[in-house]
Amino acid sequence: MQAIDRVLAARANDRPGASQFIHSIFTDFIELHGDRNFADDRAMVTGIAKLRDIPVTIVAIEKGQDTKTRLSTNFGSPHPEGYRKALRQMKLAEKFGRPVITLIDTSGAFCGLGAEERGQGEAIASSLTGMMSLNTPVLALLTGEGGSGGALALAVADEVWMLENAVYSVISPEGCASILWKDASRTEEAARHLKLTAQDLQQLGVIERIISEQNDFEQVFAELQETMYDRIRGLLDLPPGELMENRYQRFRKIGGTPL
Amino acid sequence: MLKRGLFKKPKNVLESSGDSTNKAAPSVPDALFITCKQCKTQIISDDLEKNNYVCPLCTKHFPMPARSRILFMADEGSFVETDAQMISVDLIGFPQYTSKLETAAKTSGENEAVICGIASIGGFPCCIFSMESRFMMGSMGTVVGEKITRLFETAQKRGLPVIGFTLSGGARMQEGILSLMQMAKTSGAVQRHSAQGHLYISVLCDPTAGGVTASFAMESDIALAEPGALICFAGPRVIEQTIRQKLPEGFQSAEFLRERGFIDEVVPRSEQKETLQRLLMLHQRREEYAGN
């Protein structure tokens, strides 16, 4: 599969959304709404659930399943209040010693008037520093599109995993082609050069694990439950200081050895 | 026409490739007229430089070379540069990146889009960084991320405040995901420096955008901005394409951000040194002021 095919697969309408992942992997999910400041962003789904016997906080970006839900979730592009809601829930997770699991599927943080006016940049920046200092295990899973800062804002984690057909990039291939080459028809080429597939990213040391999609999604969900459970238990066993030091070093080393 | 050709007119500052301001540099005479984008007055370039790249008539703030800015802000002879020799390489095999780096180095006379070091301002020692628009529009790749991270680590080790002048189109596309990761990396360093109780003041210059706005530019204890600076996450053109209408005048300007509560103060360049000095003084702890 070419890079562009992965991009298309990651965006496919029939790809499972956040709610399917949540209800297939976890039990007892209770959704909790709002950023206590401005609004409840429906693109960001947050709440508490159980991963087998472990209570966990879930922070997920939801694109929606049909036109109606996609309109309500703004097609999975969160506003600043979405990131503030996510950070609020992650801080609560820390308070109660719950691990955090983030599920990421977004073309990017929303680019609009309201989003800018309410500080999209500041909201993402706060999420980055907030997650970096979170004194509880954090596991991020890219399920579909990982669009730039809007995805990274939920991916400052102890480990970052990707589904086989998920993509993760600094910019969309379309955006890259039009900005760099002023030529939207060179999208395929941009996709290739951006190194945005799960395999590329594992080679670059940006992600830890790729979840195969060779079987149907029922099996993907089962495997995720198994592997997430094992990993979260391992992370819970680490002393808190070590957890945060490892998280810092995980990002510290990327691009840290100039040639 | 020479005067007009010097500044190609991009629709907005993010569309300019960053090298446009000095494109004519090698083969033109020293004294040139520059037309102020704001008041349309023709200014002699030497006069503009002498006035620290601020229009003498309407006070429009032009981009200031990163090194000139540090030398202007820091006490004379106090600046010692760190990691000056660090240069970028094409890490992911991106087309034309190597030649773009070469051009940027020639155009700007600098090795990368940020200059870091240790200096003093009004006698107060600090770590300082300043971003360079003529180096690929101040974009953040792994070297920019690494230099800023190291600066915050140095500041933490030595117990120094950090003063940072941000000016950037955002993450550098040509380094793909590795650029994006620098947002997390620099944020980690800022956070650790902050957790030790040290001060970080950012001064947001025109433009500060994308991944730089969404990381260290907006993570400071005190955020100042230059008058009229464009400060945004998504650039004006991207938003206009999304909402299919023109943005209101002054949207995403420094003054607009202050009104919306995202900037502590808009400070003209001529007053920045005094303001920084006073802020550094006001952040002295008891053992520092009581000891004098």
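FYI, it's all coordinate maths here, none of it is from the lab. This structure is a prediction, so every number in the text was calculated from the model and none was measured. Heads up, the Cβs are rebuilt from the backbone with ideal geometry, glycines too, and the neighbour counts pull from every protein chain shown.
Given the peptides A:231-238, B:199-206, arrange them by the average over their residues of other C-beta atoms within 10 Å, most packed first. Kindly include the intermediate steps, with their values, before the conclusion.
Details: A:231-238: 15.9, B:199-206: 24.0.
The most tightly packed comes first, giving B:199-206, A:231-238.
Of the listed peptides B:208-219, B:172-183, what is their order by residue-averaged count of other C-beta atoms within 10 Å, with the highest listed first? Walk me through the numbers before you get to the answer.
Working: B:208-219: 30.2, B:172-183: 27.2.
Order by mean packing, descending: B:208-219, B:172-183.
Just subtract the alpha-carbon distance of A:L236 and A:N135 from 0.36 nm times their residue separation and send over the number in nm, one decimal.
Gain on extension, A:L236 to A:N135, equals 35.3 nm.
Taking the alpha-carbon centroid of each part, what is the distance from region A:1-58 to region A:230-251 in angstrom?
When both Cα centres are located, 23 Å separates them.
Just to be sure I follow the rule: in region A:51-206, considering lysines 8 or more places apart or on different chains, how many pairs have Cα atoms under 30 Å apart?
8
A:A184 to B:E259: FRET efficiency via 1/(1 + (r/R0)^6), r the Cβ-Cβ distance, R0 30 Å, to the nearest 0.05?
0.25
Taking R0 as 45 Å, what's the FRET efficiency between B:R285 and B:T35 from their Cβ-Cβ distance, rounded to 0.05?
0.40
Along the Cα→Cβ direction, 7 angstrom out, place labels at A:R209 and B:E274. What is the inter-label distance in nm?
Going from the A:R209 label point to the B:E274 one covers 6.0 nm.
Hey, what angle do you get for helix B:142-158 against the long axis of chain B, alpha-carbon based, 0 to 90 degrees rounded to 10?
Value to nearest ten degrees: 20.
How many nm separate the modelled label positions at A:L92 and B:A195, each set 7 Å beyond the Cα in the direction of the Cβ?
Distance between label points: 2.4 nm.
For region B:64-289, what is one quarter of the convex hull surface built on the Cα atoms, given in nm²?
In nm², the orientation-averaged hull projection of region B:64-289 is 12.8.
Please compute the average number of Cβ atoms from other chains found within 10 Å of each residue's Cβ in peptide B:136-142.
Across the residues of B:136-142, the mean count of other-chain Cβ atoms within 10 Å is 1.
Taking the Cα atoms of the protein assembly as shown alone, what are Rg (to one decimal) and Dmax (as a whole number) in Å?
23.3, 75
If you count, for every residue in A:162-173, the Cβ atoms of partner chains within 10 Å of its Cβ, what is the mean?
Whole-number average of other-chain Cβ neighbours for A:162-173 is 3.
Just to confirm my numbers, what's the Cα centroid distance between region A:63-139 and region B:234-292 in Å?
25 Å
Quick check: the distance between the Cα centres of region B:141-184 and region B:52-76, to the nearest angstrom?
Between the Cα centres of region B:141-184 and region B:52-76 lies a distance of 22 Å.
By counting other Cβ atoms within 10 Å of each Cβ, how are A:L142, A:L71 ranked from fewest to most? The partial results should precede the final answer.
Values: A:L142 26, A:L71 11.
Going from least to most buried by this count: A:L71, A:L142.
Relative contact order for region A:1-157 using alpha-carbon pairs under 8 Å, separation at least 6, rounded to a whole percent?
22 percent
Quick check: pseudo-label points 7 Å beyond the Cα along Cα→Cβ at B:T242 and A:Q225, how many nm apart are they?
Taking the two extended label points, one gets 3.7 nm.
Mind checking which aspartates and glutamates have their C-alpha under 12 Å from B:K60, skipping anything on the same chain fewer than 8 residues away?
B:D206, B:E226
Let me confirm the definition first: pairs of Lys residues in region B:64-289, 8 or more apart or on different chains, C-alpha distance under 29 Å. How many are there?
10
May I ask you to derive the FRET efficiency for A:N37 and A:D14 from their Cβ-Cβ distance with R0 = 35 Å, giving the value to the nearest 0.05? Walk me through the numbers on the way to the answer.
Working: r = 35 Å, r/R0 = 1.01.
The pair A:N37/A:D14 has a calculated efficiency of 0.50.
Taking beta carbons within 10 Å but only from partner chains, what does the mean come to for residues B:116-128?
Numbers: counts 0, 0, 0, 0, 0, 0, 0, 0, 0, 0, 0, 0, 0.
For this peptide, the per-residue mean of nearby foreign Cβ atoms is 0.
What percent of all Cα-Cα pairs in region A:161-221 falls in each 10 Å bin, counting up from 0?
So the P(r) values, bin by bin, are 23, 39, 28, 9, 0.
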